[in-house]
1. Mind jotting down a quarter of the surface of the convex hull over the alpha carbons of the stretch 190-345, in square nanometres, one decimal?
2. For the stretch 42-124, what is the convex hull volume of the alpha-carbon atoms per residue, in Å³?
3. Could you give the Stokes-Einstein D for the stretch 243-299 in µm² per second, using the C-alpha Kirkwood radius, 10 °C, 1.306 mPa s?
4. Would you mind classifying the stretch 95-141 by shape? Square roots of the alpha carbon gyration tensor eigenvalues, ordered a ≥ b ≥ c; an a/c under 1.5 is rounded, otherwise it is prolate if a/b is larger than b/c and oblate if not.
5. Quick check: convex hull over the Cα atoms of the stretch 95-254, volume per residue in Å³, rounded to an integer?
6. Can you give the Kirkwood hydrodynamic radius of the stretch 278-322 from its Cα pairs, in Å with one decimal?
7. Just from its helices, what would the mean residue ellipticity at 222 nm be for the chain, if runs of 4 or more DSSP H residues each count -39500 (n - 2.57) and the sum is divided by every residue, rounded to the nearest 500 deg cm²/dmol?
8. For the chain, what is the relative contact order in percent, using Cα pairs closer than 8 Å and at least 6 residues apart in sequence?
């Protein structure tokens, strides 16, 4: 028997119990809402259990939504109650900010404390599989980074960058949970920056301005993962018996200058000493999307090695980094053409 969010008791057959019950957080993120749609169509999934601050607009017939603020002290007990009532066996924790925020206290509560509460709930009511969505940006952009960072390299982040440090703390919590629960399958997916025709994040917004600010004298290599490949990797981690940390990246790297040319935009080089001051003033004034510390990604290399995901997960990206950029560019041109058509209609 399962308790729904309305307090109603629902009897399930033995066949239903043989199917999977998957809990999700972060359904407002690109990966969260996309995964929800994908799992709605998966015949092996009996129920989708959304544990978030609001009901997703794309909830289907399999979805049951529970309004839970993961930052609150009572969240672990409430989440554990939901996991037990819905007989959840798989948990996809994707409840992380896609772009930096000035509300640092809220971000810390959501990502670091929120992850602690999710894991404490899973300690009280264990699940068979836990998948965490993370980022290759957590390695940090540093002058002494190797050409390709493997999963064994330290997560150094960047100084004075809570946007990265809160996520690093969440990963460390999951690492401790995995050591405590060796019978469970625990996977962490570190995604390269997502690009594609529909994803919207601070990286895509930076690259799609008519003038793309860069640092004078620097042209770092970049890598991306297409939004479709990111979703495919997430589905693989849920479907297969894999554990550990995996870099999820598209094949190939591109100089920043080439990325800008492929998108048909113009590079705006800014002297480094001036860029730092300007970025700080714009961030404080609420006129910039990223804090000045993230300018390090315009200077130094932060490219991850995706071989482990290919070897152990069987993840083979369908798009290269170059193709992900071209897909974004094609979508931008289509939007521009549509706007012109509407303007002259």
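1. For the stretch 190-345, averaging the hull's shadow over all directions gives 11.0 nm².
2. With only Cα atoms used, the stretch 42-124 gives 102 Å³ per residue.
3. 114 µm²/s
4. oblate
5. Spread over its residues, the Cα hull of the stretch 95-254 gives 135 Å³ apiece.
6. After inverting the pairwise mean of 1/r, the radius is 13.6 Å.
7. Helix contribution divided over all residues of the chain: -11000 deg cm²/dmol.
8. Here the relative contact order equals 17 percent.
Any read-out appearing in this document is the output of simple, stated calculations on the displayed coordinates, not a laboratory observation. Keep in mind that what you see is a predicted model, and the values were worked out from it rather than measured.
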